[in-house]
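Participant: Before I ask anything, here is the structure I am working with.
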Amino acid sequence: MEISGRPISLAQLNAVATGSERIKLNDESLDRIHKSRAVVEKILEEGQVIYGISTGFGKLSDVKIEPDALRQLQLNLVRSHSCGVGQPLSIPEVRAMIFLRANVLALGFSGVRLEVVEFLCQMLNRGVYPVVPEKGSVGASGDLAPLAHLALALIGEGESFFENERLA
């Protein structure tokens, strides 16, 4: 199934969540992601101060982050938001989560690198499902904790299910 950033029907979501439907980005989404990322690269190159890209978050939004510390900031953000607890979500729930997140990123509004979206697609296509606890919130947005657990797998941390085995 091609991911385009367009609305997804319940039938499409169900097909991916409960089956083995493979996903891939369409050409339009590839172009949007590249253009969006180019904007972020330009901002970084020019040293512009943009919230969450070259600054801290929340009360630290007025703190400019040095370019050599941006990678560590992003890692710390994912790690700090990975605060979920409880039983893992089911595989169909995680498959749906991966599919929906890849589709949203395909809109090209986030400035994410293409490799991130392609990696999400490959995780789903190859049967690698991050362990996402059923409960958790960081108080600002209820989806940040589950998404952080999803992101842990993208950076080689946390746990994932693969071939019915829970692995570090």
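Participant: Tell me the label-point distance for the pair residue 26, residue 85, using the 7 Å Cα-to-Cβ offset, in nm and rounded to one decimal.
Facilitator: 4.4
Participant: How large is log10 of I(q)/I(0) for segment 1-143 at q = 0.09 Å⁻¹ when the intensity is taken from the Debye formula with one equal scatterer per alpha-carbon?
Facilitator: Rounded to two decimals, the profile gives -0.33.
Participant: Now for a separate question. Taking a ≥ b ≥ c as the square roots of the Cα gyration tensor eigenvalues, with a/c under 1.5 meaning rounded and otherwise prolate when a/b beats b/c, else oblate, which class fits segment 84-131?
Facilitator: Values: a/c = 2.33, a/b = 1.74, b/c = 1.34.
Taking the square roots of the gyration eigenvalues as a ≥ b ≥ c, segment 84-131 is prolate.
Participant: Counting only protein heavy atoms and using a 1.4 Å probe, what share of the accessible area of segment 18-100 belongs to carbon plus sulfur, as a whole percent?
Facilitator: Details: 2990 of 5300 Å².
Here it works out to 56 percent.
Participant: Turning to a different aspect of this structure: Using only the Cα atoms, what convex hull volume per residue in Å³ does segment 1-76 have? All intermediate terms of the calculation are to be shown ahead of the outcome.
Facilitator: Working: hull volume 11.2 nm³, N = 76.
Cα convex hull per residue, to the nearest whole number: 147 Å³.
Participant: Run the reach check for residue 35 against lysines, Cα to Cα strictly under 23 Å, same-chain hits fewer than 8 apart removed. What comes back?
Facilitator: 24
Participant: Just the number please: accessible area per residue for the chain, 1.4 Å probe, all protein chains included, in Å². Don't skip to the end; give the middle numbers.
Facilitator: On the way: 9840 Å² over 168 residues.
For the chain, the solvent-accessible area averages 59 Å² per residue.
The values are calculated or read from the model by the stated rules, or taken from the named source; none is laboratory data. Keep in mind the model is a prediction, meaning the values are calculated, not measured. As a convention, Cβ positions derive from the backbone with ideal geometry for all residues, glycine included, and neighbour counts pool all protein chains shown. Just so you know, the surface numbers come from the protein's heavy atoms only, side chains and all, with ligands and any DNA or RNA stripped out. Shrake-Rupley method; radii C 1.70, N 1.55, O 1.52, S 1.80 Å.
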